[in-house]
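See structure below.
The values are calculated or read from the model by the stated rules, or taken from the named source; none is laboratory data. As the structure is a prediction and not an experimental result, all values here were calculated from the model. Virtual Cβ from ideal backbone geometry, glycine too; neighbours counted across all protein chains shown.
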Amino acid sequence: MAVIGIDLGTTNSLGAVWRAGKAELIPDELGNLMIPSVVAVDLEGNILIGQAAREEELIHPERCASNFKRFMGTTKKYCLGEREFTPEELSALVLKRIRETAQTYLGEEITECVISVPAYFNNDQRYATKQAAQLAGIYCERLINEPSAAALTAHREDGEERVLLVFDFGGGTLDISIVDCFENIVEITTIAGDNHLGGTDFDREIAFAFCEEKGMDWDKLNRRQQANLLLESKRCKATLSLQNRVEMQFCPGENSGMEKLCMELDTEKLFHIGQGLFKRIKNVISRAITDSGLGVEDISGVLLAGGSSRMPVVQMFLSRLFGRDIVMGNDPDLLIARGIGIYTGIKERNEELKDILMTDVCPFSLGIEIVGDVPGGPSKMSMLIERNSILPCRAVGNYVTANDYQDKMIFGIFQGENYNPEQNLKLGDITISVPKAPKRQEGATVTFAYDINGILEVSVVSNSTGEKVNATFVSGYSQLSEKQLAAKKERMEAMSFLTREEEERKAIIAMAERLYAQTSGELRCHIEQAIALYSNAWKSKSPIRIRKWGSEVMRRLLTIEISLRKNVFDLEIEDLELFEKDED
């Protein structure tokens, strides 16, 4: 049974496996590598995942959920139709789809996976990701930081010895890692990040700027208008990756009393619109370099990962910041997935990868709450393991009682960088009994051991009695019992899912109808022909014809969609025309 790697992204997700001496990305039945991280419930109550859900989002945004990765490890709820979901449950549906796709592609059962997470995910977010895998019916022992996976890909492909700054900018998160690549070692030295900064934030800033320029109030738009404006913002952002200028168009709707509105958008204007976001990006980069103890001149190169790093305005910003050209490698949005594929080979102890050593670091400091400096005042943190400590790591601290004749010591375990414990993430408490005595006469020794899988082992020993209390902290987040987990799995299994073929059909037809509405003339004729040919394939009930025409029609529709992003409507006919004959 193969171990697969899963790049669980904010915008798209991918699967990978180590096979035949290389990391191989896993396509779905239509040949698509990326599965949109979107879940929807259609009007009939069926669960839609991926492209079908993304198309549904344009029609019924209130029945769809996306960007839920940002809220992993929180109590946020999503109401889709009459159903309610947590971010972990939505992620589990995406993971379940990737697992099914991998099983079909590889022809074997998949029971274990490695999942990538933002380097700056805290323990709650990491635990929630593992919990999502449990709900999806797949075991996940190991999480790998996304920039680490990207660096592993780069070093495996060229073997160059250098110090890299990995700039991992996805749809919803930004991760910065300083990586030292030497011989067969990939060593992560420092990490920094922002779990609420990504390409979707640029979409929102463009939409807000459009509203401001046109005198509209974003908050007064309905959900469908907001969704359509964000879609247009995303389209224009993508177009600016191909050309310097684009016209943004938005139709508020028949009942709004407003005609179609337009706004010119170019790279310079986008840079101005995104000023606040670029300041945040600069702060994260500065923190990573400062923590590393290096100077900008010590960085050999910048490795771009994540789909949002494709934006020319982002690369222009980085070039100015570093004072050098930033060269984008091949497929930055696939870099992480390939790295996870390599890591599955390492995990399976593949002979070709046995000499590769990859180290990682602790993303946040770990410590305990102690009495503050002012009597009766607020408490403060005592850090035992500092952020960017190489994993696995171990630290020991000695603590004494704060009050006369207290009979126990309570140690609050926290993760974070703030002086005030209340502003950090609480992982839990450990209580130990101590003999009554004047303050500072009794105490305990606390040992932290933090491993590569994000598991913190804490040991507390009374200095005078030798009593010992051990505890394991995976997360302070509410952990599910076996009974609760079984109940959630049963609930998911009881959901109504379309067959893969029916879901693909729904996605293709919805996409075709959307593009039909956006085009005219010859392109519209091609789309009409595509719909007819695909419908005829379904009427034949031939799985071969359905699969063949599904792949072909999707390819043609994507060609048309790319042409719309470029604002090019004069494509050559041979680039678009479908086969005259429907041959099996």
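If I ask for residues that are surrounded by 21 or more Cβ atoms within 10 Å (Cβ to Cβ), over 21 Å from Ala128 (Cα atoms) and among the aliphatic types (A, V, I, L, M), which ones from segment 48-71 would you list?
Leu48, Ala52, Ala53
Return the pair list, or none, for Cβ contacts closer than 6 Å from residues in segment 72-83 that are closer than 19 Å to Gly172 by Cβ to residues that are exposed (fewer than 15 other Cβ atoms within 10 Å of the Cβ) and modelled with pLDDT of 90 or more, at least 6 apart or on different chains.
Filtered contacts from segment 72-83: Lys77/Glu84.
Within the bounds of segment 409-421, is there any residue that is farther than 13 Å from Phe364 by Cβ and charged (D, E, K, R)?
The answer is no, given that none of the residues of segment 409-421 is farther than 13 Å from Phe364 by Cβ and charged (D, E, K, R).
For segment 244-329, which strands (runs of 3 or more DSSP E) that fit wholly inside it have 2 or more residues that are surrounded by 12 or more Cβ atoms within 10 Å (Cβ to Cβ) and over 22 Å from the mean Cα position of the chain (by Cα)?
Values: elements: 245-250, 261-266, 301-305.
Hits in segment 244-329: 245-250, 261-266.
Matching residues to (1) free of Cβ contacts under 8 Å to residues at least 40 places away in the same chain; (2) of a type in the set (Ser, Thr, Tyr); (3) on the phi > 0 side of the Ramachandran plot:
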residue	(1), (2), (3)
Leu197	no, no, no
Thr200	no, yes, no
Glu213	no, no, no
Asn222	yes, no, no
Leu231	no, no, no
Lys234	yes, no, no
Lys237	no, no, no
Glu259	yes, no, no
Ala288	no, no, no
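Which one of these does Tyr534 not meet: (1) surrounded by 14 or more Cβ atoms within 10 Å (Cβ to Cβ); (2) over 35 Å from the mean Cα position of the chain (by Cα); (3) among the hydroxyl-bearing types (Ser, Thr, Tyr)?
For Tyr534, the exception is condition (2).
Consider Ala2 carefully, then state whether it is touching a residue at least 40 places away in the same chain (Cβ under 8 Å), surrounded by fewer than 23 Cβ atoms within 10 Å (Cβ to Cβ), within 22 Å of Arg142 (Cβ to Cβ) and among the small types (Gly, Ala, Ser).
Yes.
If a residue must be touching a residue at least 40 places away in the same chain (Cβ under 8 Å) and not acidic (Asp, Glu), how many such residues does segment 417-440 contain?
Count: 9.
Inspect segment 116-125 for any residue being over 16 Å from the mean Cα position of the chain (by Cα), crowded, with 24+ Cβ neighbours inside 10 Å and either at negative phi or not basic (Lys, Arg) (or both) and give the result as yes or no.
For segment 116-125, residues over 16 Å from the mean Cα position of the chain (by Cα), crowded, with 24+ Cβ neighbours inside 10 Å and either at negative phi or not basic (Lys, Arg) (or both): absent.
Please go through (1) of a type in the set (Gly, Ala, Ser); (2) at pLDDT below 90; (3) touching a strand residue (DSSP E or B) at 6+ places or on another chain (Cβ under 7 Å) for Ser459 and return the number of the only condition it doesn't satisfy.
Status for Ser459: all satisfied but (2).
Return the total of residues in segment 72-98 being among the β-branched types (Val, Ile, Thr), surrounded by fewer than 23 Cβ atoms within 10 Å (Cβ to Cβ) and more than 21 Å from Thr200 (Cα to Cα).
Residues in segment 72-98 being among the β-branched types (Val, Ile, Thr), surrounded by fewer than 23 Cβ atoms within 10 Å (Cβ to Cβ) and more than 21 Å from Thr200 (Cα to Cα): 1 in total.
Against the conditions (1) in the same structural domain as Asn145 (by TED's automatic domain parsing); (2) hydroxyl-bearing (Ser, Thr, Tyr); (3) surrounded by fewer than 22 Cβ atoms within 10 Å (Cβ to Cβ), where does Thr173 fall short? Just the number, please.
(3)
The rows are residues; the columns are (1) assigned by TED's automatic domain parsing to the domain that holds Arg394; (2) surrounded by fewer than 16 Cβ atoms within 10 Å (Cβ to Cβ); (3) among the basic types (Lys, Arg); (4) assigned to a strand (DSSP E or B).
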| position | (1), (2), (3), (4) |
| --- | --- |
| Ile413 | yes, no, no, yes |
| Glu417 | yes, yes, no, no |
| Ile432 | yes, no, no, yes |
| Lys439 | yes, yes, yes, no |
| Ala444 | yes, no, no, yes |
| Ala449 | yes, no, no, yes |
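Checking Ala154 against (1) farther than 24 Å from Thr75 by Cβ; (2) of a type in the set (Gly, Ala, Ser); (3) within 16 Å of the chain's Cα centre (by Cα), only one condition comes out false. Which one?
It fails just one condition, (3).
Test Asp373 against the criterion of being of a type in the set (Asp, Glu), touching a Lys or Arg at 6+ places or on another chain (Cβ under 9 Å) and under 19 Å from Ala23 (Cβ atoms), and give yes or no.
Judged against the criteria, Asp373 is not a match.
Test Ser233 against the stated conditions and say whether it is among the hydroxyl-bearing types (Ser, Thr, Tyr), out of contact with any Cys (no Cβ under 7 Å at 6 or more places or on another chain), assigned to a helix (DSSP H, G or I) and surrounded by 15 or more Cβ atoms within 10 Å (Cβ to Cβ).
Taking the combined requirement at face value, the residue satisfies it.
Restricting the first residue to segment 42-67 and requiring it to be touching a residue at least 24 places away in the same chain (Cβ under 8 Å), which pairs with a second residue that is assigned to a loop (DSSP other than H, G, I, E, B) and crowded, with 23+ Cβ neighbours inside 10 Å meet a Cβ separation below 6 Å and a spacing of at least six or different chains?
Sorted first by the residue in segment 42-67, then by its partner, the pairs are Asn67/Thr10; Asn67/Gly172.
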